[in-house]
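The values are calculated or read from the model by the stated rules, or taken from the named source; none is laboratory data. Just so it is clear, the structure is predicted and the values come from calculations on it, not from any experiment. With ideal geometry, Cβ positions are generated from the backbone for all residues, glycine too; neighbour counts draw on all protein chains shown. Remember, those area values only see protein heavy atoms, side chains included, never the ligands or the DNA or RNA. Shrake-Rupley method; radii C 1.70, N 1.55, O 1.52, S 1.80 Å.
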Amino acid sequence: MRLSDGMLVVLIVMLSMFAPLATDMFLPALDEMVVYFDTDESTFSMTLYMFMLFLAIGVLLLGPVSDKYGRKPVLLGSLALFIIASFLCSIVSTIELMVICRILQAIGAGGAMAVSVALIRDCFDGARRSKVLTIVAVIGVLGPVIAPVLGQALIWMADWRATFWAPAIVALICVLMSMMLPSDIPKERYTGTIVDSIRTMVPIIKNGDFRRFAVMMNMVAFCILAYVSVSEYIYKEKGFDVGDAYSLYLAGAMISGVLIMLIIERFDLSNKAHIAVMFTLTLIAVVILWFFGGEGPLIFFAGVVPIVATSSVARSFGFNILLAQDVGNSGAISSVLNFIHFMFATAGMIVVVNLPFDNYIQSVAFCFTLFLIVYGVLWAYMSIKGTSLKGLE
């Protein structure tokens, strides 16, 4: 039995959710887990930071390996590691073992996510690829909102351990679906050594046009994770005191941003117009947050929605452009893109809580501004010097 295109899209979407499922589902139980592991919040935060770091490493290494050995075996191996590590996370009793299990879980998730993007490039092109990327972009934005809600429900029904069982069950379903993947993807395998397959990423990274545009499309993750990391403090503990409405503000911003992205896509804008729209949306967000963000929760909310829309456009339009470039094998390209994305995401989580501002609203505004400046400089460079990227010449 072989996967249909529709079921393949379902598999890709499920694989793209591994990061939010593994990082955000247990967040509602953080206080309880800190007590259970007899540690402090700072030490326990290593389970988040180390996961993001090794997720990026797993993505970076296993994508090129799948160019050599094929998508199916690398995906199945990654899923097996993820399932085992997720189960171990639910039974370990020390914080040291939890961190180690989270690292193993992250590597497995990284391999699965690298293969998922490679499959998009392998199996779809043109308008079909664009539609798949739009679906993945929607899930990518909504995942961090949906996961904590599901996690809270599981904690009420069982306890925090269930937030690790659930991702393992999702991964097990992915295993069953992955068994139906053709074994000949990609049809043209890399024939060198494993080390040489990893080195195939070097020419991709050295390609200045590809690298600059990849930064433009991925650095917005720096903004999103900076916002998500401190949103609860802003809306509840050290800010507007909206109480139980916090989750509504968080979910509302994400859903509104996705809806704006879907509206933008209906206008069938040119590729260069997409770049201008992303810059404009980010500029609007920066102006609102710096000048009016502290006036009330709804105004702060209005300043976040444009950056969520920018992130959604970047994952659909931006990745579609980047995956269309003939700069290397699908696995290597997927690894480079996802590695850049998750490194920026990790940086956003760390930077926003260490900025010397009076409140987190200003810290979030600074992160948005930094992205706007980098994006604007790279856009100007591309406009003046020109670019060799297909679709943007």
At 0.36 nm per residue, and after removing the present C-alpha to C-alpha distance, how many nm does the segment from D326 to N271 gain when stretched out fully?
18.0 nm
So how far apart, in nm, are the two label points at S4 and V35 if each is 7 Å from Cα heading toward Cβ?
4.9 nm
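Set the Förster radius R0 to 25 Å, insert the Cβ-Cβ distance between Y233 and V377 as r into 1/(1 + (r/R0)^6), and round the FRET efficiency to 0.05. Kindly include the intermediate steps, with their values, before the conclusion.
On the way: r = 31 Å, r/R0 = 1.22.
In this case the efficiency is close to 0.25.
Take each of the peptides 34-43, 106-115, average the number of other beta-carbon atoms within 10 Å over its residues, and list them starting from the highest. Numbers along the way, then the final one.
Working: 34-43: 13.1, 106-115: 29.4.
Order by mean packing, descending: 106-115, 34-43.
For region 210-289, which chymotrypsin sites (Phe, Trp or Tyr not before Pro) are in a loop by DSSP, counting at most 10 other Cβ atoms within 10 Å? Intermediate values should be presented prior to the final figure.
Values: sites: F210, F213, F222, Y227, Y233, Y235, F240, Y246, Y249, F267, F279; in loops: F240, F267.
Sites meeting the loop and neighbour criteria: F267.
Which GluC sites (Glu not before Pro) in region 178-257 sit in a loop by DSSP (not H, G, I, E or B) and have at most 12 other Cβ atoms within 10 Å of their own Cβ? Before the final figure, lay out each step's value.
Numbers: sites: E188, E232, E237; in loops: E188.
Sites meeting the loop and neighbour criteria: E188.
Give me the percent of the accessible area of the chain that comes from carbon and sulfur atoms, probe 1.4 Å, all protein chains in place. If you can, show how the numbers build up before the last one.
Details: 11000 of 16390 Å².
The nonpolar share, carbon plus sulfur, comes to 67 percent.
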Would you kindly calculate the mean projected area, averaged across all directions, of the convex hull enclosing the Cα atoms of region 19-68, in square nanometres?
4.0 nm²
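Pulled fully out, how much extra length does the chain show between A127 and Y49, if you take 0.36 nm times their separation in residues and subtract their Cα-Cα distance?
Details: separation 78, 0.36 × 78 = 28.08 nm, distance 3.64 nm.
Taking 0.36 nm per residue and subtracting the Cα distance, the gain is 24.4 nm.
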Based only on Cα atoms, what Rg/Rh ratio does region 74-232 have, Rh being taken as Kirkwood's radius?
0.99
Can you divide the C-alpha Rg of region 75-126 by 2.2 N^0.38 Å and report the result to two decimal places?
1.41
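For region 32-156, build the convex hull from the C-alpha positions and give me its volume per residue in Å³. Before the final figure, lay out the partial values.
Working: hull volume 14.2 nm³, N = 125.
Expressed per residue, the convex hull around the Cα atoms of region 32-156 is 114 Å³.
Could you work out the relative contact order of the chain? I mean the mean sequence separation of Cα pairs under 8 Å and 6+ apart, divided by the number of residues, in percent.
Numbers: 577 pairs, mean separation 102.3, N = 393.
Computed value for the chain: 26 percent relative contact order.
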Note the full-extension length gain between D196 and S183 as 0.36 nm times their separation in residues minus their Cα-Cα distance, in nm to one decimal.
2.5 nm
Unit-weight point scatterers at every alpha-carbon of region 254-393, Debye formula, q = 0.09, 0.21 1/Å: log10 I(q)/I(0) is -0.31, -1.43
In the chain, what is the count of Lys pairs whose alpha carbons are under 21 Å apart, counting only pairs at least 8 residues apart or on separate chains?
8
Shape box of the chain [Cα atoms, principal axes, largest first, Å]
57, 55, 34
Probe 1.4 Å, heavy atoms of protein chains only: per residue, the accessible area of the chain in Å² is 42 Å²
In region 138-204, if every C-alpha pair distance is counted and binned at 5 Å from zero, what percent goes to each bin?
3, 12, 12, 14, 12, 13, 13, 10, 7, 3, 0
Hz values of 3J(HN,Hα) by residue in region 136-142 - Karplus curve (6.51, -1.76, 1.60), Gly and Pro given as x:
5, 5, 4, 5, x, 7, 7
Using square roots of five times the C-alpha gyration tensor eigenvalues, list the equivalent-ellipsoid semi-axes of region 115-171 in whole Å, biggest first.
31, 13, 6
